[in-house]
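**Q** I am attaching a structure below and will ask some questions about it afterwards.
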Amino acid sequence: MSKVKPSPLPPDTVIGGYRIIRRVAAGGFGIVYLAIGADGQQVAIKEYLPASLATREPGALMPQVPPEKLSLYRLGLKSFFEEGRSLAQISHSSVVSVLNFFRENETVYMVMNYLEGASLQDFIIIARDLKQPKVFRESTILSLFDEILRGLRIVHQHKMLHLDIKPANIFITDDNRAVLIDFGAAREVLSKEGNFIRPMYTPGFAAPEMYRRDTAMGPWTDIYAIGACMYACMQGYPPNEAPQRASNDRMSLALKRLKGVYSDNLIEVVEWCMALDPLARPQSVFALQKELNRPGERRYTKLSVSDKVRLQLETMVAGTKKTVLKATDIGKRVK
C-alpha cells in the first residue's frame, strides 16, 4: 500500500505575510503554492516537506515527523534553508529569483517570482508529437542552452550545484526567457545520509556519479545533465539512464542516427557532455560555452543508404546483447 502524501496547506492560509491561493505542484521534497504578498504581488512559495520523512493531516499547518526520522528531516531543512540563502544572492534572468525565505510551522518556505509559461518538457512533448525529422531546430537548441549556461555559470561561481537539471526544471516564460528552477541541494544532502538514493534523481538526466557515494560531484555533474537535455531536444526522449549505459552503452549509436539531421559539431558536444567518465566531460561551464560558440562553419555528415542499413543492424545487435545481459543478470540472482 502506497504511503499517503502530506496534505498541502489550505487556501487562504497566511504564512510569513503571504496568503496561499492554491497548490501549483508537489514532488517528493516539497509543495509549491501560488500566493499573494501584502503588496498584492503574486509569488510562488516552495515549502520543504519531504514525503519520505514527514506527513501532514488535511487542514493542519505543521508536519508530523517520526522521532527516528527527525535528525534526517532537520538536516534536509538546514540544507534547504542554506539553498534559499545562496539563491537569494544570485541575480540572473536565467536563474529563479528567491525574494525571501523564512522558518515557520517547523519547516522552511522559499518565496520566488511566480513564472508564467511552460516547461521545456512540455515543449519537447508537443514538438515530438509533430513527427518532424527535427524535434527542435539546431538554432533553437543553441540559443536556448546559451541562455541556460549563462545562468548555470553564475550558479557555479557561487559554489552551488543544481543537481537536478532536466527539461521539467527548465522553464520557458511567456516573455521568452529560459529559467532554471527547482534546485536539489536538500535532495543531495538527504541522499548522502539516507539509504534511498535512486528515487532522488531523474533517470536519464542524472550523471553516473550521482548513483555512487565514492565519486566527487562538481560542475561536470550538471554538465552531464545539460548534455542529456540537449539530447532530449534532439531525440524527443530522454537518454538511457547512467547505470544502464554502464553495462550496455548505446549513446553513440543513437547519436549516429542524428547525423545529417543535426551538425556533427552539436552531436560531438552532446557526446562530450555525456561521457560516463566525469574527467572526460567539460570540467566547467566556460569550457562548454567556448565549444558551443566556436566560430566556423558547422559540419554535417550525410548518411548514405548503406550507412543507414549498417546503423539499423548495429542497433539490432546491440538490442540482442542487452537481452542476453538481462537474462544473465536474472540467472545470477536465481543462483
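Just so you know, all these numbers are worked out from the coordinates, no wet-lab data involved. Bear in mind that the values here come from a model prediction, so they are computed numbers and not experimental data. So basically every Cβ, Gly included, is an ideal-geometry build from the backbone, and we count neighbours across all protein chains shown.
**Q** Arrange Ser7, Ser71 by Cβ neighbour counts within 10 Å, fewest through most, would you?
**A** Neighbour counts put them in this order, fewest first: Ser71, Ser7.
**Q** How high is the relative contact order of the stretch 117-303, in percent, with contacts defined as C-alpha pairs under 8 Å that are six or more residues apart?
**A** In percent, rounded to a whole number, it is 23.
**Q** Towards the positive end of the charge dipole of the stretch 217-265, with charges on Cβ (+1 Lys, Arg; -1 Asp, Glu), say which of Tyr231, Ala254, Pro219 has the farthest Cα.
**A** With unit charges placed on the Cβ atoms, the residue in question is Ala254.
**Q** As an exercise, identify the trypsin sites (Lys or Arg not before Pro) in the stretch 1-95 lying in DSSP coil whose Cβ has no more than 13 other Cβ atoms within 10 Å.
**A** Loop-located and lightly packed - Lys3.
**Q** Measuring from label point to label point, each 7 Å out along Cα→Cβ, what is the His158 to Ser71 span in nm?
**A** 3.1 nm
**Q** How much length is gained on full extension from Glu82 to Leu253, taking 0.36 nm per residue of separation minus their Cα-Cα distance? Numbers along the way, then the final one.
**A** Numbers: separation 171, 0.36 × 171 = 61.56 nm, distance 4.20 nm.
Net length gain for the segment: 57.4 nm.
**Q** Sticking with this one: Which order do Cys273, Cys233 fall in if you start with the one that has the fewest other Cβ atoms within 10 Å? Numbers along the way, then the final one.
**A** On the way: Cys273 24, Cys233 27.
The most exposed by this proxy come first: Cys273, Cys233.
**Q** Taking 35 Å as R0, compute the FRET efficiency from the Cβ-Cβ separation of Ala216 and Val261 and round it to 0.05.
**A** 0.45
**Q** Within a 10 angstrom radius of the beta carbon, how do His162, His156 rank from fewest other beta carbons to most?
**A** So the ranking, lowest neighbour count to highest, is His156, His162.
**Q** While we're on this one: What length, rounded to one decimal in nm, is gained on full extension from Gln132 through to Glu57, with 0.36 nm per residue of separation minus their alpha-carbon distance?
**A** 22.3 nm
**Q** If the reach is capped at under 19 angstrom between alpha carbons, list the aspartates and glutamates near Lys78, excluding any in the same chain fewer than eight residues apart.
**A** Glu47, Glu68, Glu104, Glu106, Asp164, Asp182, Glu188, Glu193
**Q** Got the relative contact order for the stretch 101-185 handy, in percent, Cα pairs under 8 Å and 6 or more residues apart?
**A** 33 percent
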